[in-house]
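What follows is a short report on a single structure.
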Amino acid sequence: MAITANGLQQLGFEPRVDFDLRNNNDGQGAFIERWMSAQPQPSVADIEAADAVWVANWNSQEYARNRMQAYASIGDQMDMQYWDSVNDTTTWKDHVASVKAQFPKG
């Protein structure tokens, strides 16, 4: 593991406000080039632990990212709802159910 912006952000710090990271591409990974926060700089172990939490949170939301891409546009969904009300059909509900079935939570 290494120092990551995601880990620092998970701890509540903002890039370019609280810290600047740099990677010299020397195989050593990123390092904190400048610490600007009034809060003490966290340890590498704290940053790595926070990064692991960030990664777990990111991974747990994969279904949501997939759904966002699979859903029809808002305009198309509104059109489905309009025509469903006119034609007494369930096109929109069927579309939503299909996406949810394709990408279930967890």
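Tabulated data for the structure shown
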| read-out | value |
| --- | --- |
| Hits in the range 78-106 (condition: touching a Ser or Thr at 6+ places or on another chain (Cβ under 8 Å) and exposed (fewer than 11 other Cβ atoms within 10 Å of the Cβ)) | Gly106 |
| Residue pairs meeting the criteria (Cβ under 6 Å; at least 6 apart or on separate chains; first within 17 Å of Glu48 (Cα to Cα), in the range 1-28; second surrounded by 12 or more Cβ atoms within 10 Å (Cβ to Cβ) and polar (S, T, N, Q)) | Phe13/Ser37 |
| Per-region count, the range 1-25, residues buried (at least 16 other Cβ atoms within 10 Å of the Cβ) and either in contact with a Gly (Cβ under 8 Å, 6 or more places away or on another chain) or β-branched (Val, Ile, Thr) (or both) | 2 |
| Contacts under 7 angstrom Cβ, first residue in the range 54-70 being more than 13 Å from Pro104 (Cβ to Cβ), partner part of a helix (DSSP H, G or I) and of a type outside the set (S, T, N, Q), 6 or more apart | Trp54/Gly7 |
| Which listed residue, of Ser43, Ser37, is surrounded by 14 or more Cβ atoms within 10 Å (Cβ to Cβ), more than 18 Å from the chain's Cα centre (by Cα) and under 30 Å from Leu11 (Cα atoms) | Ser37 |
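Residue-wise test of (1) within 14 Å of Ala5 (Cα to Cα); (2) aliphatic (A, V, I, L, M); (3) out of contact with any Lys or Arg (no Cβ under 8 Å at 6 or more places or on another chain).
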| site | (1), (2), (3) |
| --- | --- |
| Val53 | yes, yes, yes |
| Ala56 | no, yes, yes |
| Asn59 | no, no, yes |
| Met68 | no, yes, yes |
| Trp83 | no, no, yes |
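A short reminder: the numbers here are calculations on the coordinates, not readings from a lab. As the structure is a prediction and not an experimental result, all values here were calculated from the model. As a convention, Cβ positions derive from the backbone with ideal geometry for all residues, glycine included, and neighbour counts pool all protein chains shown.
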